[in-house]
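To start, the structure itself, in structure tokens.
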Amino acid sequence: MMTESVVVDVSQDWILACGLQERFMEVPRSKTESLLYNGRCRQVRALGGDCFQFVPLAGHRVALAVADASGKGLPAALIMANVQSSVRTAALFAPEDPASVVTAVNRQLHACSPVDRYATLFYGVFDEKTRTLQYVNAGHNPAAVMRCNGAITWLAACAPPVGFFAETVYKAETVQLYPGDLVVAYTDGIVEATNAAGEEWGVEGFLAAVKRCRTRQPESVVDAAFAAVEEFSDNNQTDDVTVLAALVQ
């Protein structure tokens, strides 16, 4: 029989774990001169398997990441903690090489996780000097570059999720960015949100909410996306939801 003291101890552990997971996703105070960025993650349970990361790097670079672990709750949170730690460590060792970073994350996750656990990952490195974004999309939802003229460049998946195959070697793609371009990345929880009729919000609903935002400032874009999906779903969240936005200056 579980005693009251054990219940209290477990509750305190959960509170500490939730606080730690939130801290992993704090937006760095340091900003680059040519990129503004913001993100938000809201788990469907106390702990969850979504995350976003911004990692300032050497050489006037900044890494952007959005990931989604298989499953929900505590098991997914443990997988995501592994991914977050691996991304940060590998990024600091190879700031100019996103392919090597994702390859290292994949090997680490595969070595430490059960065979049925994996994570989708969008990882990019923005270079201030050239305004290029080198990225690897490992099985994740396509990120979107929303150009000033209304065009959209999709950064689609080009490799399997991390954790699936130990020997996968990831390759990076490069996209040229210009002042005013807005990069948005997200997890499937926001585009698969449903209303009372069972209809999905979809990528179209998400992009429409971003376009309706009066300003392209990342914090406003993230706020607008969350407000719109909450209205659509009547605040009935069924999956972890994450949105990242980055504006080139």
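The values are calculated or read from the model by the stated rules, or taken from the named source; none is laboratory data. Please read all numbers here as calculations on a predicted model, not as lab measurements. Cβ sites come from the backbone with ideal geometry, for glycine too, and all protein chains shown count toward neighbours.
Sort through Ala143, Ala104, Ala138 and tell me the only one that's surrounded by 18 or more Cβ atoms within 10 Å (Cβ to Cβ) and closer than 18 Å to Ala76 by Cβ. After applying the criteria, what remains is Ala138. For segment 191-227, a residue qualifies if it is in contact (Cβ under 8 Å) with a residue 24 or more places away in the chain, of a type in the set (Gly, Ala, Ser) and farther than 20 Å from His140 by Cα, and exactly one does: Ala196. Taking the criterion of being surrounded by 16 or more Cβ atoms within 10 Å (Cβ to Cβ) and modelled with pLDDT under 95, the residues of segment 206-216 that qualify are Cys213, Arg216. Could you check, for segment 146-163, whether at least one of its residues is of a type in the set (Lys, Arg) and under 28 Å from Leu182 (Cα atoms)? Yes, segment 146-163 contains a residue that is of a type in the set (Lys, Arg) and under 28 Å from Leu182 (Cα atoms). Where strands (runs of 3 or more DSSP E) fall entirely within segment 120-166, those with at least 3 residues that are closer than 18 Å to Val210 by Cβ are at 143-146, 152-155. Being without any contact (Cβ under 8 Å) to a residue 24 or more places away in the chain and of a type in the set (A, V, I, L, M, F, W, C): is that true of Ala65 here? Judged against the criteria, Ala65 is not a match.
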